Amino acid sequence: MVGSIAPSFQSGYVGLIGKPNVGKSTLLNYFIGRKISITSHWPQTTRSRILGILTRPDAQVMFIDSPGWHRTSHALGRQLLSIAKGVVEEADVVLTMLDAVTGITLEDRRVFEHVQRSQRPAILALNKADAVNKSRLLPLLQACVAVGCFAEYVPISALRGDNMDRLLGELIRRLPTGPKWFGAEQQTDQSTDQLIREFIREQVLRVTRDEVPHAVAVLLDEVVQRPAVLLIRATILVARPGQKAILIG
Ligand code: GDP
Ligand code: MG
């Protein structure tokens, strides 16, 4: 259009990183306004990379939810680690999350180091601020600022929505100018089948606690849309016969 100034539109990837259980999926679900990533009290429930898409008149943010960093030798842990590293590589802005209840742990320091090496613009969110006293939050905030590799330090509660507008503003400010990649109605790159499988897996993890760890896979046998309900038949796969017994019991 000759003579008109195109309004600037920011769009890009925000990579969520942080150790398991810091609240990455909770934050993603809050921003998207709909449950697209499973949350759990037990770490490492988000197995594959999930894209959450937030569209505003001035911006489109594509959040990449990643599994947390973990110092563990078993194969799943290693796989999670490599996915999480990939998230930073893909991100225009890195949103590192810290659990304000646990404070800065060794895992967090590893995450911080990786962020620093990546030289990506990065913001630190101190999550679960609702669950700690101000008298503890302030020194923690100072300790984080002392780490020094972040552009902003924002205490939030992803669960209650505290300070989330400010955080979003800081993220969007750092995204590049770009096109609207997805339609405003598209909130995730996950298919309905993938969402259903993840919800079933979440319920399995919830009812079995850590008796059936993360060796759970779900196969959908049948998904039928009836007028008022969605009819789902699924097979749950576990690693060992003992776990099958727990699940059925
Ligand atoms: P992830 O492993 O990093 O994806 O963490 P989740 O989003 O699955 O959250 C782990 C647990 O922390 C869940 O039980 C959440 O309800 C809880 N949680 C997440 N955000 C907050 C928060 O802001 N405040 C409190 N009190 N709990 C939270
Ligand atoms: Mg998660």
Single condition residue 177 does not satisfy, out of (1) of a type in the set (Ser, Thr, Tyr); (2) surrounded by 12 or more Cβ atoms within 10 Å (Cβ to Cβ); (3) out of contact with any Lys or Arg (no Cβ under 9 Å at 6 or more places or on another chain): (2)
Odd one out for residue 137 among (1) closer than 22 Å to residue 54 by Cβ; (2) in contact with a Pro (Cβ under 8 Å, 6 or more places away or on another chain); (3) within 13 Å of ligand 1 (Cβ to nearest atom); (4) of a type in the set (A, V, I, L, M): (1)
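Can you name every residue in segment 128-137 that is without any contact (Cβ under 8 Å) to a residue 60 or more places away in the chain and not in a helix (DSSP H, G or I)? I'd like the intermediate steps shown before the answer.
Filtering segment 128-137 down to residues without any contact (Cβ under 8 Å) to a residue 60 or more places away in the chain leaves 129-137.
Answer for segment 128-137, where residues must be without any contact (Cβ under 8 Å) to a residue 60 or more places away in the chain and not in a helix (DSSP H, G or I): 132, 133.
Just checking, how many residues over segment 158-169 are touching a Ser or Thr at 6+ places or on another chain (Cβ under 9 Å) and more than 16 Å from ligand 2 (Cβ to nearest atom)? Explain how you work it out, then say what you get.
Narrowing segment 158-169 to residues touching a Ser or Thr at 6+ places or on another chain (Cβ under 9 Å): 158-159, 163-164.
Retained after the next criterion (residues that are more than 16 Å from ligand 2 (Cβ to nearest atom)): 163-164.
Going through segment 158-169 one residue at a time, the tally reaches 2.
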Index of the failed condition, residue 106 passing every other in (1) more than 24 Å from residue 63 (Cα to Cα); (2) among the hydrophobic types (A, V, I, L, M, F, W, C); (3) buried (at least 17 other Cβ atoms within 10 Å of the Cβ): (3)
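Here is a yes/no grid of residues against (1) in contact with a helix residue (DSSP H, G or I) (Cβ under 7 Å, 6 or more places away or on another chain); (2) assigned to a helix (DSSP H, G or I); (3) open to solvent by less than 40 Å² (accessible area, probe 1.4 Å):
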site: 89; (1), (2), (3): no, yes, no
site: 97; (1), (2), (3): yes, no, yes
site: 110; (1), (2), (3): no, yes, no
site: 123; (1), (2), (3): yes, no, yes
site: 126; (1), (2), (3): yes, no, yes
site: 139; (1), (2), (3): no, yes, no
site: 144; (1), (2), (3): no, yes, yes
site: 150; (1), (2), (3): no, no, yes
site: 165; (1), (2), (3): no, yes, no
Neighbours by Cβ (under 8 Å, 6+ apart or cross-chain): first from segment 87-102, within 11 Å of ligand 1 (Cβ to nearest atom); second assigned to a strand (DSSP E or B) and open to solvent by 10 Å² or more (accessible area, probe 1.4 Å): 100/155
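The values are calculated or read from the model by the stated rules, or taken from the named source; none is laboratory data. Small disclaimer: the values here were computed from a predicted structure and weren't measured. Note: ideal-geometry Cβ built from the backbone for every residue, glycine included; neighbour counts use all protein chains shown. These accessible areas exclude ligands, DNA and RNA; they are computed on the full protein's heavy atoms, side chains included. Shrake-Rupley method; radii C 1.70, N 1.55, O 1.52, S 1.80 Å.
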